[in-house]
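Let me begin by presenting the structure, written as structure tokens, before commenting on it.
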């Protein structure tokens, strides 16, 4: 039981890291728009969230925090894509 609890704590830690990265990335994307840092933070958040989610699922731990971290990473990437389309639309309208 102790090993299972320790594995669950590791999965929760990965979920918290993913959640923090996703929130920071969403704020950076909304404020600054398209940036390479935002893309890498989003991908890192999704990767860590996915690993934490499946790790928690394998040890029958709580999957709520890793799932929220994964979702926050996905939301940040969606905001990044929206910014990309918005800037591309402005360039298409202006004709640059």
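Filtered by the rule that a residue be in contact (Cβ under 8 Å) with a residue 40 or more places away in the chain and closer than 14 Å to residue 82 by Cα, the stretch 29-56 gives 29, 30, 33, 34, 38, 39.
Is the stretch 62-74 home to any residue that is surrounded by fewer than 16 Cβ atoms within 10 Å (Cβ to Cβ), in a loop (DSSP other than H, G, I, E, B), in contact (Cβ under 8 Å) with a residue 24 or more places away in the chain and over 12 Å from the mean Cα position of the chain (by Cα)? Checked against the condition, which is being surrounded by fewer than 16 Cβ atoms within 10 Å (Cβ to Cβ), in a loop (DSSP other than H, G, I, E, B), in contact (Cβ under 8 Å) with a residue 24 or more places away in the chain and over 12 Å from the mean Cα position of the chain (by Cα), the stretch 62-74 yields at least one hit. Taking the stretch 45-61 as the range and being part of a helix (DSSP H, G or I) and touching a helix residue (DSSP H, G or I) at 6+ places or on another chain (Cβ under 7 Å) as the test, the residues that pass are 45, 46, 48, 49, 50, 51, 52, 53, 55, 56. All of (1) modelled with pLDDT under 85; (2) farther than 30 Å from residue 88 by Cα; (3) surrounded by fewer than 22 Cβ atoms within 10 Å (Cβ to Cβ) hold for residue 36 with one exception: (2). Residues that are without any contact (Cβ under 8 Å) to a residue 24 or more places away in the chain, farther than 17 Å from residue 65 by Cβ, surrounded by 13 or more Cβ atoms within 10 Å (Cβ to Cβ) and more than 11 Å from the chain's Cα centre (by Cα) occur in the stretch 18-27; there is at least one.
The values are calculated or read from the model by the stated rules, or taken from the named source; none is laboratory data. It should be emphasised that the depicted structure is a prediction, and the values quoted were computed from it without experimental measurement. Don't worry about glycine lacking a Cβ; one is built from the backbone with ideal geometry, like all the others, and counts go over all protein chains shown.
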